[in-house]
Structures are given as structure tokens and as C-alpha cells.
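The next block holds one structure in the form of C-alpha cells; read it before the comments.
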Amino acid sequence: MLATGAAVAVLAAGFAAVPQAAAAPYGAQYVRSIRCDSPNPWPGPRLPIIVDVYTGGPFPTDGLPGPAISLSANNPGGVGQVLELTSLITVDWRNLDTGRTGSVRVPTRSHAANWDVVLHPGHGRVAFTVHQKIGAMAFNPMVNPQFSSCRGTAVA
């Protein structure tokens, strides 16, 4: 619990350094973290969401062969143990060297806005945009949906 509080304190203080959210996929290299905060579908403050970017893993979590870019999002603290969130994450990507494009959609349900996405863009420089649709789980799967997006780049 102390680590979560410390992470929130760092985020609230507005430091440029973002703590790494999760363990790297096997053999992958950490590239950077990007902020992808979202409005909260429950009454409360914005959800601080940290997306870690990894490349070069020989065994991406989706089981498909590389090259791959793995995105792992973590929402320190979440919305507590009683409230739940549902989300639909869409990541649109473009390989800037080959022109190849793609899109990956991942639905989730949990007490925090945590999710993992693996991109398979081929070798090259890749630009991606994360679109988050996060709603409250309250007798229906997506109540009061909130939308946010962020961008990043990596070399696969």
C-alpha cells in the first residue's frame, strides 16, 4: 500500500519522471512511460494511468512471434475494492518506415484501469495512438463512459 501511495504522491507532485508500472514482458526492453489519464466515470478525481512501452521481447504475451511492441497500463490505486470499471481500449498504429497500419481492441473489467496490448507492426519506427473508453460497472457494463487518448512512438 505504501508503494501505491508513494506513486500517487509522485504523480500529484507533477514530476516529469513516471515510475515504471509493471514488470517487463519476458526478455523485452523498457522504452518509456507515457501518461494517459482519464476522467473518472465514478464521482471522484481523474484516473492517473501510466502506460509502459516495451520492445524486443522474444515471447510477447499474445503468443505471436515478434517484432512486437507491448503496452502495459497501470492505474495506481484504481477505484477501490467495491467499485468496478469496464473499458474498451483501441490502439491505432502506423509503421512510419513501411506505411503499414493496424488497430488492436482490448476490452477489460477490473477495479483499476489496467490493460495490456501487443502490437505487431513489423520492423521500423512506429507511431501509435491509444483511445480509452472507460465506464462504471453498475448493473450495466458501461455506465457514464469517459473518453481519453494519448500518443507515443517506439522502434520495433
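A few remarks follow.
- Per-region count, the range 133-156, residues part of a loop (DSSP other than H, G, I, E, B) and surrounded by 15 or more Cβ atoms within 10 Å (Cβ to Cβ): 3
- Looking only at residues of the range 33-59 that are out of contact with any Gly (no Cβ under 9 Å at 6 or more places or on another chain), of a type outside the set (D, E, K, R) and closer than 19 Å to V155 by Cα, we find that the one that is surrounded by the fewest Cβ atoms within 10 Å (Cβ to Cβ) is S33.
- Any chance V130 is touching a residue at least 40 places away in the same chain (Cβ under 8 Å) and either closer than 18 Å to Y30 by Cα or assigned to a strand (DSSP E or B) (or both): yes
- Any chance T108 is surrounded by 15 or more Cβ atoms within 10 Å (Cβ to Cβ), polar (S, T, N, Q) and over 15 Å from D37 (Cα atoms): yes
- Pairs with Cβ under 6 Å, 6+ apart, first in the range 78-103 and over 15 Å from P145 (Cβ atoms), second among the basic types (K, R): L96/R125; D97/R125; T101/R94
- Just one of (1) surrounded by fewer than 21 Cβ atoms within 10 Å (Cβ to Cβ); (2) assigned to a loop (DSSP other than H, G, I, E, B) fails for R94. It is (2).
- Some residue of the range 104-125 being closer than 15 Å to S149 by Cα, part of a strand (DSSP E or B), touching a Leu at 6+ places or on another chain (Cβ under 7 Å) and among the small types (G, A, S): no
- The range 78-91, residues that are of a type outside the set (D, E, K, R) and part of a loop (DSSP other than H, G, I, E, B): G78, V79, G80, Q81, V82, L83
- Candidate set: the range 82-91, residues that are β-branched (V, I, T) and buried (at least 17 other Cβ atoms within 10 Å of the Cβ); chosen: the one nearest to G135 (Cα to Cα): T86
- Number of positions in the range 40-69 that are touching a Ser or Thr at 6+ places or on another chain (Cβ under 7 Å), at pLDDT 85 or above and either of a type in the set (K, R) or assigned to a loop (DSSP other than H, G, I, E, B) (or both): 2
The values are calculated or read from the model by the stated rules, or taken from the named source; none is laboratory data. Computed from a prediction, not measured in an experiment: that's the story for all the values here. So basically every Cβ, Gly included, is an ideal-geometry build from the backbone, and we count neighbours across all protein chains shown.
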